[in-house]
1. Is it the case that the range 17-39 has a residue that's open to solvent by less than 30 Å² (accessible area, probe 1.4 Å), at pLDDT 95 or above and under 18 Å from residue 101 (Cβ atoms)?
2. Considering only residues that are under 23 Å from residue 105 (Cα atoms), in a loop (DSSP other than H, G, I, E, B) and open to solvent by 20 Å² or more (accessible area, probe 1.4 Å), which ones fall in the range 191-210?
3. In the range 154-187, what residues are part of a loop (DSSP other than H, G, I, E, B) and without any contact (Cβ under 8 Å) to a residue 60 or more places away in the chain?
4. Residue 25 - would you say it is over 27 Å from residue 222 (Cα atoms), in a helix (DSSP H, G or I), touching a residue at least 12 places away in the same chain (Cβ under 8 Å) and not charged (D, E, K, R)?
5. Could you figure out which of (1) basic (Lys, Arg); (2) open to solvent by 30 Å² or more (accessible area, probe 1.4 Å); (3) in contact (Cβ under 8 Å) with a residue 12 or more places away in the chain isn't true of residue 100?
6. Out of 141, 157, 169, 161, I need the residue that is modelled with pLDDT of 95 or more, under 15 Å from the mean Cα position of the chain (by Cα) and among the small types (Gly, Ala, Ser). Which one?
7. Check residue 213 against each of (1) more than 25 Å from residue 22 (Cα to Cα); (2) assigned to a helix (DSSP H, G or I) and name the one condition it does not meet.
8. Just to be sure I understand, how many residues within the range 40-90 are buried (at least 19 other Cβ atoms within 10 Å of the Cβ), outside any strand (DSSP E or B) and among the small types (Gly, Ala, Ser)?
Amino acid sequence: MSLPDIDLSAVPAHVACVMDGNGRWAERRGLPRTAGHEAGLDALFDAVDGALEIGVQWLTVYAFSTENWSRPRSEVRFLLEFNRSILGARRDEMHRRGVRLRFVGGRDRRLARGLLKEMDTAAELTAANRRLTLTVAFNYGGRAEITEAVRRIVAAGIQPGEITEDTVGSHLFTPDMPDPDLFIRTSGEYRLSNFLLWQVAYSEMVFLDVLWPDFSRRHLFEAVAEYQRRERRFGGVDQ
């Protein structure tokens, strides 16, 4: 799909992606599952390039869920170390291109200090960038985020009668992040998988059969074109 098929004046401000299918991509090729994660990295940064090309302002990707800890230990170790290594390799490049890097999710003792330090360094280096905000959901779960928001509200002493949707939203991990306009999931699965449960209430959802390592900016453009064909009413009706 070429750019003329997209109305650049109506590009979704925020796109969220569940990057699914790395393991199946590798298994179909007789490769270890870790090879799928390595191939998925190229897909991610081609998606970043595509988002920059058409003017998406926010891109949020699901890199490691709270449920992923149940995967084989060798795969979990690889993912943790792999994500640490790519931060160092890509951080400066993203900074040069005006991309702000942010990370959302739990910061518990299962995450090595070195990995957390790399995350913090990348976030601090790129904090002033605004061309695109790339938010990486790592050790993240939507239910955990909402549960933590409830804890914060209780700790703040806010009374039940004072709690509104805005109250909950302001106590989420990233209260300044706009809700996604477009939600994309690859690999032919039709699930949210505990990703941004609060934020995607009115997102347009596009589910693609392509496995994530085969995803490219072309697929992003196709999803944006589909988004532009839809009518967003947010629960209302046309008068």
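The values are calculated or read from the model by the stated rules, or taken from the named source; none is laboratory data. The structure displayed is predicted, hence computed values, not measured ones. Heads up, the Cβs are rebuilt from the backbone with ideal geometry, glycines too, and the neighbour counts pull from every protein chain shown. Protein only, heavy atoms only, side chains kept; ligands, DNA and RNA dropped before computing areas. Shrake-Rupley method; radii C 1.70, N 1.55, O 1.52, S 1.80 Å.
1. Yes, the range 17-39 contains at least one residue that is open to solvent by less than 30 Å² (accessible area, probe 1.4 Å), at pLDDT 95 or above and under 18 Å from residue 101 (Cβ atoms).
2. Pass one, the range 191-210, residues under 23 Å from residue 105 (Cα atoms): 191-203, 205.
When the remaining residues are screened for being in a loop (DSSP other than H, G, I, E, B), the result is 191-203.
Those that are under 23 Å from residue 105 (Cα atoms), in a loop (DSSP other than H, G, I, E, B) and open to solvent by 20 Å² or more (accessible area, probe 1.4 Å): 191, 192, 193, 194, 197, 198, 201, 202.
3. 156, 157, 158, 159, 163, 164, 171, 172, 175, 176
4. no
5. (2)
6. Within the list 141, 157, 169, 161, the selection yields 141.
7. (1)
8. Final tally of qualifying residues: 5.
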